[in-house]
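To start, the structure under review is shown below, and the notes come after it.
The values are calculated or read from the model by the stated rules, or taken from the named source; none is laboratory data. Treat the numbers as computed from the prediction; the structure is a model and nothing was measured. Note that we place each Cβ from the backbone using ideal geometry, even for glycine, and neighbour counts take in every protein chain shown.
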Amino acid sequence: MPQTVLLSIRPEFAEKILDGRKRFEFRRTLFRDTNVTRVIIYASRPICRVIGEFDIEEVLSLPMDTLWRRTRREAGISRRFFCAYFHGKQECHAIRVSNPTRYKEPMHLDDALGMVRPPQSFAYVRTANMPRHQTAGKLEPL
């Protein structure tokens, strides 16, 4: 069954994802559920809002140098930032972004999901009450 996650993403990277300049979202750790097909974007401080979503085209899990070679043209970040972020990791992860969609109105986390605090990295969510690409309704945390 398809699964959705809420990802906390720095605002500058969230904006690049939503405007198509960043086609990969990089993660030091990855969700274990391989059925995740959709990401809800929580733009972290200072925005602190749910601002959009994207579909997952594929997930790459590779050594750092190999991952950079595969993603660099659409990474949306510098090699220096990439290397600092993954420093010390044997396996690094990249989520290929597909169909990024910005919500018409950013939502408070509580209004969107009934959550008080954002996830440090990610949280699984149920989206049965929220039609895709729509800001009305509530998302349900798992």
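Computed quantities for the displayed model
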quantity: Residue satisfying all of: in region 76-97; over 9 Å from residue 64 (Cβ atoms) and charged (D, E, K, R); surrounded by the fewest Cβ atoms within 10 Å (Cβ to Cβ) among these; calculated: 80
quantity: Qualifying position, being touching a strand residue (DSSP E or B) at 6+ places or on another chain (Cβ under 7 Å) and modelled with pLDDT of 95 or more, among 69, 49; calculated: 49
quantity: Filter result for residue 78 (under 15 Å from residue 13 (Cα atoms) and among the small types (Gly, Ala, Ser)); calculated: yes
quantity: Pick from region 99-123, criterion hydroxyl-bearing (Ser, Thr, Tyr) and under 13 Å from the mean Cα position of the chain (by Cα), ranking: farthest from residue 44 (Cα to Cα); calculated: 101
quantity: The lone exception for residue 126 - which of (1) within 15 Å of the chain's Cα centre (by Cα); (2) surrounded by fewer than 16 Cβ atoms within 10 Å (Cβ to Cβ); (3) at pLDDT below 95 it fails; calculated: (1)
quantity: Where a residue in region 83-109 is touching a residue at least 40 places away in the same chain (Cβ under 8 Å) and its partner, wherever it lies, is among the hydroxyl-bearing types (Ser, Thr, Tyr) and assigned to a loop (DSSP other than H, G, I, E, B), with Cβ under 8 Å and at least six apart; calculated: 93/29; 103/135; 107/135
quantity: Subset tally (residues that are in contact with a Ser or Thr (Cβ under 9 Å, 6 or more places away or on another chain) and either at pLDDT 95 or above or outside any strand (DSSP E or B) (or both)) for region 90-104; calculated: 6
quantity: Search result, residues across region 62-75 that are surrounded by 12 or more Cβ atoms within 10 Å (Cβ to Cβ) and among the basic types (Lys, Arg); calculated: 70, 72
quantity: Where a residue in region 39-53 is closer than 20 Å to residue 94 by Cβ and among the acidic types (Asp, Glu) and its partner, wherever it lies, is modelled with pLDDT under 95 and assigned to a strand (DSSP E or B), with Cβ under 6 Å and at least six apart; calculated: none
